[in-house]
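S.K.: Questions regarding the structure given below will be posed in turn.
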Amino acid sequence: MEKQKSFSIKPTRFMVFSFTVSFSLSLLAFFSIWVIHSTPILHQETHFNFGSGHDPVGDFSTNSSNEVKDAILIGTQLRESVNASGFSNFSRKDQETHFDFGSGHDPVGDFSTNSSNAVKDAILIDTQLKESVNTSGVSNFSRKDCDLNDTQDSLSHLNGSVHSVGELISSVLIAPKQKVNKSLDFDGVVINGNGSESLFGKVEVSKNSEIQESTSKKSCDVSKGKWVFDDSYPLYTNATCPFIDEGFSCQTNGRLDKDYMKWRWQPDDCDIPRFNATAMLNLIRGKRLVFVGDSINRNQWESMLCLLMGGIKDPKRVFEARGRRITKEKGNYCFKFLDYKCTVEFYVSHYLVHEGKARVGKKRLQTLRIDTMDRGASRWKGADIIVFNTAHWWSHYKTKSGVNYYQEGQQVHPRLDVSTAFQKALMTWGSWLDKYINPRKTLVFFRSSAPSHFRGGQWNAGGHCREASQPLNKTSRTTYSEKNIILEEVLRQMKIPVTILNITSFSDYRVDGHPSVYGRSSGKSSSSGGQDCSHWCLPGVPDTWNELLYFYLQS
């Protein structure tokens with residue numbers, strides 16, 4: 001009979017088996033600990049605040065929700081690596097990242113299933129852009145200059161702002177996926193274009209070029225109203241604002257009456273909000289606000305600087321990039337507000353097109369190239385908000401007569417009507433905007449012409465306005481400005497949206513607001529007898545223009 005084999009385990013095999021089991025358990029434990037420590041959801045929360053109380057991730061369709069959550073976590077991890085370079089002050093532990101769209105609805109929840117990958121790309125792109133900003137040093141906000149290159153300009157609004165991911169998601173995804181009627185139906189304000197998106201939201205514009213207002217907001221014609229005496233004005237004084245140049249500092253130059261500073265424009269059908277310096281600084285945080293035009297636009301730019309100083313705790317944190325003092329002689333200025341990482345800039349351009357010279361016969365004459373943009377235009381391209389103007393210099397002798405003055409290509413026109421030349425120049429300007437300005441980044445405004453109030457002659461022929469101390473009860477203006485009509489016609493042909501700041505009509509009441517003889521420290525007019533009835537005292541009427549700009553930016 002065959003002997004039954006007994007079952008036994010040799011000591012060597014038992015040791016190998018034990019070692020294998022132990023090693024496997026140890027490896028499993030180590031891997032589990034590594035996974036727990038490397039998962040960011042255990043260390044931080046990412047909050048999206050859309051103002052509606054909804055969870056933007058939870059509103060996604062079933063197939064895309066997990067991918068979007070992963071994308072957000074990836075974006076947060078990348079942000080932590082940015083923190084290590086010193087870009088942000090956020091702590092790596094228990095970090096909360098807030099995205100506030102402030103629109104009152106959930107833009108992400110409206111997306112289709114296919115959008116999740118785009119969200120990932122948007123967040124990753126945003127993080128890469130932030131890292132490149134850190135590397136380039138833009139966020140250091142150097143005192144040296146304000147002429148950033150195009151790449152830096154296009155990224156400048158991202159500096160130090162966590163909201164940029166929200167802006168990227170909004171600009172990259174909302175525009176192609178949904179149409180938003182975000183509109184302002186205000187008379188004199190024309191936004192054209194084919195539904196282009198701006199920095200502050202997407203605007204869909206009707207064919208007749210009027211801005212469509214949502215039914216919840218009543219239409220408001222800001223040009224119709226009255227000036228109301230308000231003793232709480234002005235919002236600053238000559239003593240508190242160091243940026244008013246001699247030509248606009250009427251009180252410093254000896255003007256004794258003060259009522260001209262205390263009038264507030266009150267439209268019939270709505271209210272223009274009182275300028276809030278802190279709110280405005282937050283609106284332009286990390287951005288470039290640029291004024292381009294003639295000395296009337298410099299008037300408005302200086303007003304804006306003075307208004308913004310009301311929200312600054314330390315005036316030393318505001319300075320001109322090249323250390324320039326504001327005078328009539330220098331045309332380009334860039335003031336940096338360090339605490340808000342923004343700039344408020346002015347670039348002189350009387351006509352917006354190129355002033356040059358050409359040979360006419362045997363003489364070399366000054367000409368205006370109405371087919372060529374001003375050579376300084378490249379400096380404006382990266383701005384986030386641009387306020388243009390031109391009108392004042394189109395009434396001077398050379399432009400008005402148009403004899404051997406206007407040039408197109410190599411041709412100098414022997415004679416050209418000023419209205420035709422003005423239209424051609426604006427068409428050149430409009431074509432440049434359509435080609436070089438990105439409506440997803442830049443909001444464009446054009447301030448309408450400011451009225452002059454010369455009595456008894458023109459500016460160079462004894463015209464005066466010294467006796468005026470109160471606004472007019474009514475104006476003599478019965479027709480709409482021809483230049484404004486031409487402007488609106490040009491805007492209708494453009495692709496990029498442009499908002500008109502229509503200040504012409506309500507400024508026409510303010511015959512009392514000009515420097516007159518108080519544009520000089522002596523308080524006397526020049527030897528030729530001329531008075532300044534074109535520019536405006538500060539504080540004064542340009543403050544209302546900026547309140548209107550503030551109104552539109554908030555809207």
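S.K.: Would you pick out the residues in segment 382-419 that are under 29 Å from the mean Cα position of the chain (by Cα), outside any helix (DSSP H, G or I) and closer than 22 Å to E488 by Cα?
M.R.: Taking segment 382-419 first, the residues under 29 Å from the mean Cα position of the chain (by Cα) are 382-394.
Then drop every residue that is not outside any helix (DSSP H, G or I), which leaves 382-391.
Across segment 382-419, the qualifying residues are I385, I386, V387, F388, N389, T390, A391.
S.K.: Now for a separate question. Any residue in segment 478-493 that is open to solvent by 30 Å² or more (accessible area, probe 1.4 Å), farther than 17 Å from S507 by Cβ and modelled with pLDDT under 75?
M.R.: The answer is no; no qualifying residue exists.
S.K.: Inside segment 342-363, can you point out the residues that are within 15 Å of the chain's Cα centre (by Cα) and either in contact (Cβ under 8 Å) with a residue 60 or more places away in the chain or open to solvent by 40 Å² or more (accessible area, probe 1.4 Å) (or both)?
M.R.: C342, T343, V344, E345
S.K.: Looking at (1) open to solvent by 60 Å² or more (accessible area, probe 1.4 Å); (2) outside any helix (DSSP H, G or I), find the lone condition where D339 falls short.
M.R.: (2)
S.K.: Checking the conditions here, which among I326, I284, I272 is in contact with an Asp or Glu (Cβ under 6 Å, 6 or more places away or on another chain), of a type outside the set (G, A, S), in contact (Cβ under 8 Å) with a residue 12 or more places away in the chain and farther than 18 Å from G540 by Cα? Working first, answer last.
M.R.: Values: I284 fails: in contact with an Asp or Glu (Cβ under 6 Å, 6 or more places away or on another chain); I272 fails: farther than 18 Å from G540 by Cα.
None of the other options fit; the residue is I326.
The values are calculated or read from the model by the stated rules, or taken from the named source; none is laboratory data. All values reported here derive from a predicted model rather than from experimental measurement. Backbone-built Cβ (ideal geometry, glycine too); neighbour counts: all protein chains shown. Keep in mind that these areas ignore ligands, DNA and RNA; they rest on the heavy atoms of the full protein, side chains included. Shrake-Rupley method; radii C 1.70, N 1.55, O 1.52, S 1.80 Å.
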